[in-house]
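Down below is the structure, laid out as structure tokens.
The values are calculated or read from the model by the stated rules, or taken from the named source; none is laboratory data. The model shown is predicted, which means the values in this text are computed figures rather than measured ones. For neighbour counting, all protein chains shown are included, and Cβ atoms are generated from backbone atoms with ideal geometry for every residue, glycine included. Each accessible area value is taken on the protein alone, full model and side chains, heavy atoms only, with ligands, DNA and RNA left out. Shrake-Rupley method; radii C 1.70, N 1.55, O 1.52, S 1.80 Å.
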Amino acid sequence: MASAFPSNLINLTARTLGVKFITSPEIVYIARNAGFHALFIDLEHSSLSLETASRLSVAAMNVSLSSIVRVPGRAGPGFIQRVLDNGAQGVIIPHVDTVEQALAAVKAAKCPPFGKRSVTGMLLHMGYRTASISDVSAVGNTQLSIVIVMIEDPEAVANVDSIAAVDGVDVVLVGTNDLSIELGVAGDFDHPSFVDGLETVAAAVKRHGKILGIARICNWPDLLQYYIRDLGARFGWACGFTACC
């Protein structure tokens with residue numbers, strides 16, 4: 001799986017292994033040994049539970065991997081908080097089409113003063129050690145609440161400049177499958193309309209100093225060169241026997 005990345009670009013990206021089928025703790029070691037930096041735990045396109053996501057997050061933490069959880073579409077702030085409180089270091093919010101939805105994602109994931117997430121006195125990430133509320137809030141906002149918003153619709157592309165400008169949005173991730181389908185060019189990642197949309201997103205992300213992500217980083221070396229070298233993508237997930245796209 002890791003070999004799908006061109007060797008001259010492999011160190012430029014944060015690579016995550018998508019998990020939605022094989023959920024035993026062994027997958028964490030496979031991800032680490034294959035050179036991935038994080039798990040991408042999918043609660044949108046799977047039957048995985050919050051408990052499974054937490055168990056995988058704990059296992060990942062023990063081998064120095066991060067865990068990023070994609071929540072279901074239009075998940076409420078309470079669910080997002082539970083995902084983060086129980087081991088995830090970040091959340092992926094699918095189908096963010098408007099600046100209002102981006103603001104709501106940040107509000108749910110970040111503690112005050114950046115958001116409205118409730119603060120608990122002990123976090124799994126801190127070994128359940130006693131810590132002051134101010135310390136928990138500070139660590140939560142800087143290290144344990146990465147907000148990744150997905151651009152998957154022409155409306156989102158049209159609004160991407162305002163979405164990328166939102167304080168607290170860390171990564172803007174293009175959902176290549178859904179965007180190509182919505183554009184009427186399913187799976188044709190060389191089609192001019194898809195390329196135009198992708199370049200619009202990349203320009204907005206660069207303008208606002210955020211990180212560009214491209215979903216479905218896998219089996220096309222030429223596209224990988226383009227995404228990483230030309231567009232500046234620095235986040236993605238790989239497809240394989242455990243992965244989702």
Taking the solvent-accessible surface of protein heavy atoms with a 1.4 Å probe, what is the per residue accessible area of the stretch 60-193 in Å²?
42
Checked against the structure, the computed Cα extents along the principal axes in Å among (1) 56, 31, 28; (2) 80, 45, 30; (3) 54, 38, 32 is the one labelled (3)
I'd like the orientation of helix 133-142 relative to the chain: the angle between its Cα long axis and the longest Cα principal axis, in ° from 0 to 90, rounded to 10.
10
Can you tell me which lysines have their Cα less than 24 Å from the Cα of residue 116? Leave out same-chain residues fewer than eight positions away.
107, 210
Residue-count net charge about residue 148 - beta-carbon cut-off 11 Å; Lys, Arg +1, Asp, Glu -1
+1
Within the accessible area of the chain, what % is carbon and sulfur when the probe is 1.4 Å and the other protein chains stay in place?
53
